[in-house]
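The values are calculated or read from the model by the stated rules, or taken from the named source; none is laboratory data. In this text the structure is predicted, and so the values were computed from the model without any measurement. FYI the Cβ positions are ideal-geometry reconstructions off the backbone, even for glycines, and counts take in every protein chain you see.
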Amino acid sequence: MCPPSSPTTYPSSPCDPPPLRKGLVRMTTTLVPPGPRGHPVLGSIREIQRDNVSAFMEAFRHHGDIVNFRGPLRINLLAHPDYVQHVLRDQHKRYPRPRKVQGCLSTIVGDGLVAAEGTSWLRSRRLTQPAFHRDILRRFGDSFTASTAELLDGWERRARDGEPLDIKSEMMHLSLANLARALFRTEWTDEVSRIEPAVQEALGFTHRRMTSPVDPLKFPSAARTRFRGALETINSLLYPMVAERRRDGGGDDLVSLLIDAVDPESGGMFTDEQIRDEVSGFFVAGHETVSTALSWTWYLLSLNPESRRRLQAEVDEVLAGRVPTVDDLPKLTYTTMVLQESMRLYPPIFVYMRCAAEDDVIGGYHIPEGRWVVVCPYVTHRHPEFWDNPEGFEPERFTPENSANRHRMAYLPFGAGPRKCIGDSFAMLQMPLVVAMIAQRFRLDLVEGQQVFPEPAISLRPRDPLMMWLRPNEETP
Ligand code: HEM
């Protein structure tokens, strides 16, 4: 178990259970869900550590909607949307995050929204939620298009020189620039460029902590030293930025909104340390997710020329060559559907971990107290009962008519229930603007002969650099 770095104390139960409420379903069966036999001692741990998404997909194909994995890592995979709804929404209080996951995350983000549980999470969510309202986020549209325009100006020369680009890295820089501008509304280019590798380092180490049976933070190593250095870098950059915002006052950036936020229930406000925790959480949760979704979108469009042509036609018709604004978003419907379909096939956050706080029954099977349950949107997004041609790229699935009768939990790239992503509107405002602007000026073609593999790390990103040719778009005036 990873010890939480924050002074939070946990009750003795395996995953910090809420008090038992009367009338909840009691265990009525001892039936264990089906699942792979695995190694007699290690169970399926090696397969899961090697590539958890493939292990989950394979297990779903063989064993169905609920799967039991044996071994030191006892987990139950839930693939059916009804079961997903049970855990993430209907009975969410009985399924907090596992303490190990919570503890590992809190080493980076302290007691911020991303890691907090219970009353501390609720308070954070109440204080933070108003800043993420779509009407507030609209004000960042111009910043997003400005950073995208800067990026594309740099691409012109690369296109003229016939140089291919690593789109994964370009989308990383762009999503970071957009996030930083919304958070601080200022040009902290140098500071922000130092946060990026520090967050990557911290996330990489955290991923190893979460998947390793022995906590690497407990033993001296070069990786641990780098991790601690990364945390120091994050703190040394964020604290002065927050302090400066507090001193200046009156800003309309997200950090200023958090500084001014008042909890409607208690009248309390965030301290600088709490704002540091929230902001580092936004870097952890809102940077690589966006860049990963954008990277897969360019990859999928390059493989599907007809979809790319439709997207191009929409962009040309709606924008007629001008820079998009947030008012154009309702008309960029196909662009939005392309992004939705890309996140169906490659959901950036591909596992949501929870832990049964008490015995339960799901789908007629016994879920014992302390059992880790996993929702894997990569699997649920391919469930053949809910998706025709699940492996195909078909943005038209997301027209209002085609989505009308779909199970609400069959598609959940932003999660579901009270812990649903707070940044979903932020992402769905930023990404269509970026895609429309790039499509206006360039066509991106995958460099021939490249093998592209998803890598289930902190996000489900392309494993290697994603090299693409830039072709200037003749339609651009
Ligand atoms: C394509 C982009 C994004 C995707 C796919 C995504 C996905 C998710 C998912 C699935 C969760 C819930 C995980 C769980 O239930 O265990 C989540 C939570 C969260 N996300 Fe996002 N996210 C994205 C962008 C963002 C952005 C841009 C921000 C902030 C600027 C953000 C901030 C957060 C925070 C703070 C949480 C924790 C919420 C809570 O526990 O109350 N995300 N995200």
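A single member of R226, R245 is of a type in the set (D, E, K, R), farther than 25 Å from G141 by Cα, surrounded by 14 or more Cβ atoms within 10 Å (Cβ to Cβ) and touching a residue at least 12 places away in the same chain (Cβ under 8 Å), and it is R226.
Considering only segment 277-322, state which residues are in a helix (DSSP H, G or I), of a type in the set (D, E, K, R) and more than 10 Å from the ligand (Cβ to nearest atom).
Scanning segment 277-322 gives D277, E306, R308, R309, R310, E314, D316, E317.
Under the condition of being under 19 Å from R245 (Cα atoms), within 16 Å of the ligand (Cβ to nearest atom) and surrounded by fewer than 19 Cβ atoms within 10 Å (Cβ to Cβ), the residues counted in segment 156-187 number 1.
Annotation note: of L433, L412, L460, the sole residue that is among the hydrophobic types (A, V, I, L, M, F, W, C), within 16 Å of the ligand (Cβ to nearest atom) and within 24 Å of L319 (Cα to Cα) is L433. Among the residues making up segment 257-272, those that are touching a residue at least 40 places away in the same chain (Cβ under 8 Å) and in a helix (DSSP H, G or I) are L257, L258. Looking across segment 437-477, just one residue is of a type in the set (A, V, I, L, M, F, W, C), out of contact with any helix residue (DSSP H, G or I) (no Cβ under 9 Å at 6 or more places or on another chain) and in contact (Cβ under 8 Å) with a residue 40 or more places away in the chain, and that is V447. If only residues of segment 91-120 that are among the basic types (K, R) and away from the ligand (no atom under 13 Å from the Cβ) are counted, the one that is surrounded by the most Cβ atoms within 10 Å (Cβ to Cβ) is R94. The helices (runs of 4 or more DSSP H) located wholly in segment 68-139 that include 2 or more residues which are at pLDDT below 95 occupy 99-109, 118-128, 134-137. Criterion applied to R157, R139 was being free of Cβ contacts under 8 Å to residues at least 12 places away in the same chain, more than 21 Å from the chain's Cα centre (by Cα) and on the phi < 0 side of the Ramachandran plot, and the one residue passing it is R157.
Screening A202 on (1) within 18 Å of the chain's Cα centre (by Cα); (2) at pLDDT below 90 shows it passes everything except condition (2). Looking across T333, T380, one residue alone is surrounded by fewer than 19 Cβ atoms within 10 Å (Cβ to Cβ), modelled with pLDDT of 95 or more and among the hydroxyl-bearing types (S, T, Y). It is T333.
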